[in-house]
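First up is the structure itself, then whatever we jot down about it.
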Amino acid sequence: MIRASLTAICLALLLSYQCWAKPNGPKNKKPKQVIPAVECDVRAGKVNLPEFIVKCPPRCRETRQQVYGTGVFASISSICNAAIHSGVITNSGGKVIVRKMAGQNVYKGSNSNGVRSLSLPKWRESFVVSVGKPKKGVIYPSTLDYVPSRPTYVKTNQKETTMLPPTSTAPEPTTTTPEPTTTTTTTPTPTTASTTTPPPPTTKARPVVHKVREADCKVDLAFLMDGSWSIGKRRFKIQKDFLTEVAQTINAGVAGPMMGIIQYGDDPVTEISLKTHSSSRELKAAIDKIVQKGGLSNVGKALHYINKHYFSDANGNRGGAPNVAVILVDGWPTDKVEEASRLARESGINIFFVTIEGPDDNEKQNLVEANFVDKAVCRTNGFFSLPVNSWFALRKAVQPLVKRVCDTDRLVCSKTCLNANDIAFVIDGSSSVGTGNFRTVLQFVANITREFEISDTDTRVGAVQYTYEQRLEFAFGQYNNKAELLNAIKRINYWSGGTSTGAAITYAAEQLFSKSKPNKRKIMIVITDGRSYDDVRAPALAVHRQGVIAYSIGIAWAAQDELEYIATDPDKEHSFFVDEFDNLYKFVPKIIHNICQEFNSQPRN
Ligand SMILES: *[C@@H]1O[C@H](CO)[C@@H](O)[C@H](O)[C@H]1NC(C)=O
C-alpha cells in the first residue's frame, strides 16, 4: 500500500530513477536537476512547454537577438536576451525560468541592461522570465520539446515582400476568372493527381483516389461543414462523403496535413479537433459519426470561432504549418462574413469557400451580404473560391480543392506588410518649409503610399497637416482606392505657420488612430523640418503605448533628439534625417523595406 502510493508520488513529481532505487531509504537524496542548455537565438515560442528552465550561454547580448516587450515579452523573443533585458541574468549567462502567458495587445520596447527591446502591437503568446532557482518540489523538464521549424513558404514570402519596389504586388483582377488549370512552373505540383476532372461518380464504386504524398502537403486544415436545416439529410450525407473522400485524398498524417471539422448552424461546434486523428482511416470513422445539428447557416459566427478558438496551440495548431479553413456553404450564409473573414485572414488563416447551389440572380437580392465570397477571400481571382452547381457534383471538387489547399506557395496572400496597415502621415506645414519643398513632401507621401495595396480591407491611409494648429486632411478609409488617394494627397494645401509637432501627434492619435481597425498595424509617419515649439516626448510615448509604430523623417533643421523621441525603438530603423528636401526621395525604398522587415520578423502561422 505505502509503497504503491510512494510510487505514485514519485511518478507525479516526475522524479528520476533515484526514487525507485531507494524507495524506503531514510531520506531520499534530492534528485539532481538536469538543466537543458539553449542557444541565444532560441525563442520562447519554440519550446512547447508552459513553464521550463534553461541555461543561457555567455555573451548573448552581442548576438542582438530580437526581444519584444518589457517585463512581459512576446513569445517570438529570444529567451536569453529577454532574461538579460529583465536583469534575471547578466551577459555571462545563467539559468532562467520561463513561464508562458496569454498574448497581449501591446508590447512596449525599452532599453535595459544593454539590450534594446522592440515594441509590438499584438502577439498571441507571451512569457515572463525569472531567476533560475527551481521552486522547492518542482522538477522542470530536463529536455525541451521544440515546436517544428517553419516551412519554407514563409521564407519565400519574405523574399517576395522585401524585394521592392513592388512589382511583387501583383494587381488583382477585379472580375472573377476561372483558375488556370496549369499553374506556373515555379510552383511545384504537390499532388500526384492530374488536374483533369476525376471520373464521374458511379454508384457505390470506390473512387479512384489520387493520394497526396504526406510531406508535400503540410497544412493545418479545418473544414467548416454546413449543418443547417436547409441542407436536408440527404445532402448532409453527401457532405460527409465528400469530407471522407477529401480525408483519403489528402492523406492525413503528422508529417503532412492534419485535418479537423467544425459543424456550423446557429452556432459552431468542433466535431474533430486538428490533433485528434492522424490518419485518414481514423478520420473516416469520426466523420461517419457526425450528426446534423440543424439551425441557420451562421458562417460569420463560425469564422469568429475558428479564429478565436479552433486554431489554438492547445487544439493542435502546429504553428509550423499554414492554417487553412475551407467553408462549405449550402446556398448562402445567414449572417455577415466579411469582417469575420478579414480578422481570420489577418491572423494568418487562409480561407477557401466551396459554395454549393449558390444564389441565382433572383435570389441574390435576398442575401445578407451580396458577393459574400469575394468579400471573404483574400484574392478574388478564383483560387480561393470553388462554386459547385449541384450537391451531386460535389465529388468533382475533391481533386481541385485538395490541390489548392496543398499549394503552400500560394497560401500567403492573407496578410502582408503591404495590405495590413492603417498609415497616418503627420505633415509639418510650417513656414520654414516653403511652397516648393512642401510639394516635394507631398510627392514623398504619395511615393510611399503608392507602394501599398490600398482598399478599405487592405491598407488605409490618413493625413494630418500641422503648424501651431492641426488639420485633418483626410481620414482612414476616406479614399479607398489608390488613384483617389494619390489625388487627395496632391490636393493638400500648404498651410504655413508655426511647428507644434507634439500636439500634432496627439491630434493624429485622436482623429486617426482612435478609428483604426483592430488587427491593422498602426503606423505613423511624422515629417518635419524643424524643432517643435512644444515637447514631443509625452505625446510620442502615448502613441507608442497605443501600439502605434512611429517613424520620424527629419529634414534640414529638424532636431535629432526629437526625431528619436518620436520614433519607435530601435531609432535607427524608425528615424531618418536628410539634409535637404531634394534628397527625401532616397528614403522611400528604405522606409518601405523597414516596414516590411519589421512585419516579416514576426513569424506567421
Ligand atoms: C517620387 O517618385 C517620382 C517618380 O518615381 C520621382 O521622380 C520623385 O523624385 C519621387 N519624389 C520623392 C520626394 O520621393
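The values are calculated or read from the model by the stated rules, or taken from the named source; none is laboratory data. Everything numeric here is computed off the predicted structure, so don't read it as measured data. Quick reminder, even Gly has a Cβ in these numbers, built from the backbone with ideal geometry, and neighbours come from all protein chains shown. The area values use the complete protein model at the heavy-atom level, side chains included, leaving out ligands, DNA and RNA. Shrake-Rupley method; radii C 1.70, N 1.55, O 1.52, S 1.80 Å.
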> What's the tally of Lys pairs in the stretch 259-373 whose alpha-carbon atoms lie under 18 angstrom apart, where the two lysines are 8 or more places apart or on different chains?
Replying inline: 7
>> Quick check: at a probe of 1.4 Å, how many percent of the accessible area of the stretch 44-131 sits on carbon and sulfur atoms?
In response: 48
> Can you give the Rg and Dmax of the stretch 419-601 based on its C-alpha atoms, in angstrom?
Replying inline: 14.5, 40
> Ranked from highest to lowest mean number of other Cβ atoms within 10 Å per residue, what is the order of the peptides 262-268, 535-541?
Replying inline: 262-268, 535-541
> So between V131 and H309, what do we pick up on full extension, going 0.36 nm a residue minus the alpha carbon distance?
Replying inline: 60.8 nm
> What nm value, rounded to one decimal, do you get for the distance between K32 and R439 when each label is placed 7 Å out toward the C-beta?
Replying inline: 7.9
> What does the accessible area per residue of the stretch 419-601 come to in Å², with a 1.4 Å probe and no ligands, DNA or RNA counted?
Replying inline: 38
> How many percent of the accessible area of the stretch 419-601 is carbon or sulfur, using a 1.4 Å probe?
Replying inline: 48
> Within the stretch 101-145, what residues put their amide N at less than 20 Å from the label point 7 Å along the Cα-to-Cβ vector of Q597?
Replying inline: 109-111, 115-121
> Simple spin-label model, 7 Å along Cα-to-Cβ: K375 to S432 in nm?
Replying inline: 4.9
>> Can you order the peptides 33-42, 91-100 by their average number of other Cβ atoms within 10 Å per residue, highest first?
In response: 91-100, 33-42
>> Give the aspartates and glutamates whose C-alpha is closer than 15 Å to that of K133, dropping any in the same chain fewer than 8 places away, or say none.
In response: E51
> For the stretch 214-414, what ratio Rg/Rh do Cα atoms give with a Kirkwood hydrodynamic radius?
Replying inline: 0.92
>> Using the Cα centre of the stretch 214-414 as origin and beta-carbon charges of +1 (Lys, Arg) and -1 (Asp, Glu), tell me which of V377, S297, L243 is placed farthest towards the positive end of the dipole.
In response: L243
> Can you pick out the pairs among K55/K122; K240/K520; K135/K522 whose Cα atoms lie more than 30 Å from each other?
Replying inline: K240/K520; K135/K522
> What nm distance separates the two modelled labels at D582 and A483, each placed 7 Å from Cα along Cα→Cβ?
Replying inline: 3.4
>> Skipping prolines and chain starts, which residues have an amide H placed within reach, meaning under 5 Å, of the one on G94, given they are 5 or more residues away or on another chain?
In response: C56
